Amino acid sequence: MSGDAAAAMLRLRLLQYLARIRRDDCYGLLNDEVNPEEVPGYADVIKQPMAWETMHKKILANEYDSIGAFEADFRLTCDNAMTFNAADTPWHEVATALLKAHVRGGPLKPMDASSRRAFESLAAKKKGPRMTSLDVAKMGSSLWKTL
């Protein structure tokens, strides 16, 4: 397989992985990088910001040379959310659930049936357009205890 064909196949595979991850982050809590001007102290704590949208741009720009590099950014996204946010916040809890669902000591895997049901249950509770991070924060973390 030529280098161009291999790069195209890797890009397609990574786009598929990212689509699954984004679907599992049903409210898009980790989709966009945090704006440090809107969240005081974020830049002091998180030195390497990362988010699904940033990963998407990196895939399209062919900045990943392996699934391992993609997985490192996936873990970084989740680690950042868990580092900055308290354990009982939606951002921390969804990051924990995504790590559990997609990484079990090895390469990224599809979400298991139990985790999928929990996320689908959360999504079903919100009819209509996707909730924003602010909507979720206003609701409190009780909704997320089912993860």
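Laboratory data are not the source of any read-out in this text; all were calculated from the coordinates shown. Values in this document were obtained by computation on a predicted structure and should not be read as measured data. Positions of Cβ are backbone-derived with ideal geometry, glycine not excepted, and every protein chain shown enters the neighbour counts.
Given a Förster distance of 25 angstrom, what is the FRET efficiency for residue 12 paired with residue 43, based on the Cβ-Cβ distance and rounded to 0.05?
For R0 = 25 Å, the calculated efficiency reads 0.15.
Below 15 Å, Cα to Cα, which aspartates and glutamates can residue 100 reach? Residues fewer than 8 away in the same chain don't count.
24, 25, 71, 79, 112
Sort 35-48, 53-66 by the packing proxy (mean of other Cβ within 10 Å over each peptide's residues), most packed first.
53-66, 35-48
Which ³J(HN,Hα) values, rounded to whole Hz and listed in residue order, are derived for the range 38-55 from phi using the Karplus coefficients 6.51, -1.76 and 1.60 in 6.51 cos²θ - 1.76 cosθ + 1.60 with θ = phi - 60°, glycine and proline given as x?
8, 10, x, x, 4, 5, 6, 9, 9, 8, 10, x, 7, 7, 4, 5, 5, 5
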